[in-house]
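The next block holds one structure in the form of structure tokens; read it before the comments.
The values are calculated or read from the model by the stated rules, or taken from the named source; none is laboratory data. The structure displayed is predicted, hence computed values, not measured ones. Cβ placement follows ideal geometry from the backbone for every residue including glycine, while neighbour counts extend to all protein chains displayed. Accessible surface areas use protein heavy atoms only, side chains included; no ligands, DNA or RNA. Shrake-Rupley method; radii C 1.70, N 1.55, O 1.52, S 1.80 Å.
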Amino acid sequence: MPLSVAPRKNVQSGQKREELTSEGGERGPVSIRRHIQTPTLPAPAVYDGGALRIDDSGGYVHTAVLRPGGGLSGRVTCAARKQDRWSARVIMEERERFNLHLTGDIHAITAANNLVAAAIDARMLHEATQSDKALFNRLVPSVNGVRKFSPIQISRLRRLGLSTTEPASLTAEEIRSFVRLDLDPSKLTWQRVVDTNDRFLRKITVGQASTEKGHSRETGFDIAVASEIMAILALADGLGDMRVRLARMVVGTSRSGQPITAEDLGVSGALAVLMKDAIKPTLMQTLEGTPVFVHAGPFANIAHGNSSVLADKLALKLVGRDGFVVTEAGFGADIGMEKFFSIKCRASGLRPSAVVLVATVRALKMHGGGPNVSAGSPLPREYIDENLSLVTGGCHSNLRKQIEIAHLFGVPVVVALNVFKTDTEAEMALVCRLALECGARAAVPCHHWALGGRGSVELAGAVKEASAAPSHFQFLYETE
């Protein structure tokens with residue numbers, strides 16, 4: 001797969017020059033960036049690889065992270081340091097590019113999603129206002145006196161149980177079945193999307209212009225990253241696989257109860273064309289020079305909440321047998337981690353070596369019965385002052401369960417305690433002790449929030465050791 005890269009001397013082995021497509025050294029699919037700091041992982045990260053090389057400059061680690069949407073808060077924190085030879089302004093510009101348009105993947109998803117929505121409404125309008133013959137003439141036009149089915153139309157004929165490839169051989173009833181999807185407006189499952197938080201678009205009425213001849217209906221907009229196309233981008237193994245997955249998307253149900261797909265609408269090929277560049281992961285780097293693939297960002301509450309299969313496989317190729325790949329699973333262990341195992345690992349064929357379960361003292365206090373936190377209100381003192389009772393309750397009620405779930409999948413667990421300035425030594429020691437009692441292989445305080453990579457060297461060592469331990473990964477259920 002062609003990659004796009006901004007040249008840099010220390011981009012290391014595994015990547016062939018013919019696989020790189022320069023886009024001016026500025027940005028693009030798989031472009032290396034300066035001054036983007038690795039985000040604090042809000043959910044378990046899964047490491048896969050052999051031995052991790054650890055030295056003064058940090059280990060050689062590839063990181064695959066979720067793509068933030070313009071309508072959401074980004075997951076990257078940037079900071080200027082005295083030894084950096086680039087200004088804070090440059091760093092901020094790079095951060096904003098990451099959080100906003102980047103290489104335009106989300107715009108491609110928006111265009112593809114809304115193409116499907118437009119095709120649905122146009123098809124319903126034409127079927128409601130035209131005869132079978134007129135529809136057939138539009139769908140299979142005569143060119144120089146000859147009608148021919150397109151490959152996508154032949155696929156529809158096969159789904160209808162028709163083996164012919166000659167338009168003239170269809171009976172009147174077969175023509176009617178071919179040209180009419182007969183979508184039930186009350187059972188459409190596809191909405192338009194936009195990548196801003198515009199609450200007044202949640203429910204709208206379309207078709208009010210006179211040209212729509214009174215065929216109006218209620219619909220709405222979702223946030224762009226909630227599109228099924230985003231989930232497909234994250235699971236696809238290549239352009240061909242993505243094309244097949246796009247074709248299978250169900251957009252609604254016919255009045256007879258049959259599912260109608262993007263392939264039935266005849267748009268799956270156009271969708272693949274719109275997504276042909278978005279399928280390329282974006283290569284960036286942290287402030288400390290660690291390569292990072294940024295690709296895809298499906299919601300975990302409605303999809304699987306993980307970065308792309310392609311980004312992981314490309315990263316595994318680059319790091320080689322002695323490297324590690326850290327891949328993010330969003331929305332917490334109880335969603336992201338389980339969906340990583342049950343969906344992404346099943347789709348990709350990849351198997352994790354270890355789970356890094358990220359915890360914070362403040363979150364554990366909340367799970368332990370701490371007071372509610374309201375946006376805009378002062379943080380309750382329980383989350384600022386030392387409170388060992390709340391920490392203990394959170395470890396026993398939440399952390400223990402997440403460790404148990406990871407063990408059900410047969411994977412060793414390292415608990416990474418993400419340390420902040422309000423955490424006390426007693427609280428940190430308590431979390432690490434209870435994590436070990438709950439079955440974690442290791443539990444390590446991590447100071448990367450303050451110290452960068454140097455603050456997580458102990459975590460890297462713990463992950464290296466855990467990955468060398470026997471792992472008996474297994475799925476908890478069959479798909480059939």
Query raised in the report: Given a 1.4 Å probe, how much area per residue of the range 96-157 is accessible, in Å²?
Result: 47
Query raised in the report: Leaving out same-chain residues fewer than 8 places away, which lysines sit with a Cα under 29 Å from that of residue 203?
Result: 187, 213
Query raised in the report: If ligands, DNA and RNA are left out, what is the accessible area of residue 202 with a 1.4 Å probe, given in Å² to the nearest 10?
Result: 150
Report summary line: With every protein chain in place, the accessible area of residue 107 for a 1.4 Å probe, in Å² rounded to the nearest 10, comes to 100
Query raised in the report: Of all the accessible heavy-atom surface of the range 187-303, with the other protein chains kept in place and a 1.4 Å probe, what percent is carbon and sulfur?
Result: 51
Report task. Can you work out the accessible area per residue across the range 231-314, with the rest of the protein chains kept in place, probe 1.4 Å, in square angstrom? Result -> 31
Report summary line: Contour minus Cα-Cα span, residue 148 to residue 196, at 0.36 nm per residue, comes to 13.0 nm
Report task. With a 1.4 Å probe and all protein chains in place, put 478, 404 in order of accessible area, largest first. Result -> 478, 404
**Report entry** Sparse-neighbourhood loop sites, trypsin sites (Lys or Arg not before Pro) in the range 340-438 - DSSP loop, at most 16 other Cβ within 10 angstrom
**Finding:** 421
